[in-house]
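Single-structure report; data block below.
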Amino acid sequence: MSMQDPIADMLTRIRNAQAVGGLVVSFPASKVKKSILEVLKEEGYIEDFALTQDGNKGNIEVTLRYHHGASVIRKIKRVSRLGCRVYRGSGAIPSVNSGLGIAIVSTSQGVMSGRQAAARKLGGEVLCTVE
């Protein structure tokens, strides 16, 4: 069975792994997923990620971050879906949890956090929000 929304699948795997206290989660690799994980690492939501090869297929292994036994990511939510894409201008990028969370935006200059996109005056597709 083919996967309809690979980004939503990645976010769900991260959410499920943190719910059971897992340290590492893996899923099929893609450039967009790698870009999203780079933003999560820059912002301190995950420890690290590594690309691995399994035959012809590439996988990504993500090491999750915990603080005093609790996961750093409290909530991770897909905003723009296949059936309903969500695009915002630089002034309308959502503020997540009064600035304590981030929105991840796909812009013409790559995937970046909502704060970076607003600072560069770039709009784009809001992929997900993280608290």
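The values are calculated or read from the model by the stated rules, or taken from the named source; none is laboratory data. Keep in mind it's a predicted model, so treat the numbers as computed, not measured. Reconstructed Cβ throughout: ideal geometry from the backbone, glycine too, with neighbour counts over all protein chains shown. Heavy atoms of the whole protein, side chains included, go into the accessibility calculation; ligands, DNA and RNA do not. Shrake-Rupley method; radii C 1.70, N 1.55, O 1.52, S 1.80 Å.
Observations, loosely collected:
- Think of a 1.4 Å ball rolled over the protein heavy atoms: the chain then has 57 Å² of accessible area per residue.
- Coarse-grained scattering of the chain at q = 0.11 Å⁻¹, given as base-10 log I(q)/I(0) from a Debye sum over alpha-carbon atoms: -0.38
- Evaluated over the chain, the count of Lys pairs having alpha-carbon atoms less than 24 Å apart is 19 (only pairs 8 or more residues apart or interchain).
- Under 5 Å, built H, 5+ apart or other chain: amide partners of ASN59: ALA29, THR52, GLN53, ASP54
- Tensor-based shape of segment 41-104 (alpha-carbon gyration tensor, a/c under 1.5 rounded, otherwise prolate or oblate): oblate
- The accessible surface of the chain, taken with every protein chain in place and a 1.4 Å probe, is 49 percent carbon and sulfur.
- Packing, taken as the mean count of other beta carbons within 10 Å per residue, orders the peptides 76-82, 65-71 from highest to lowest as 76-82, 65-71.
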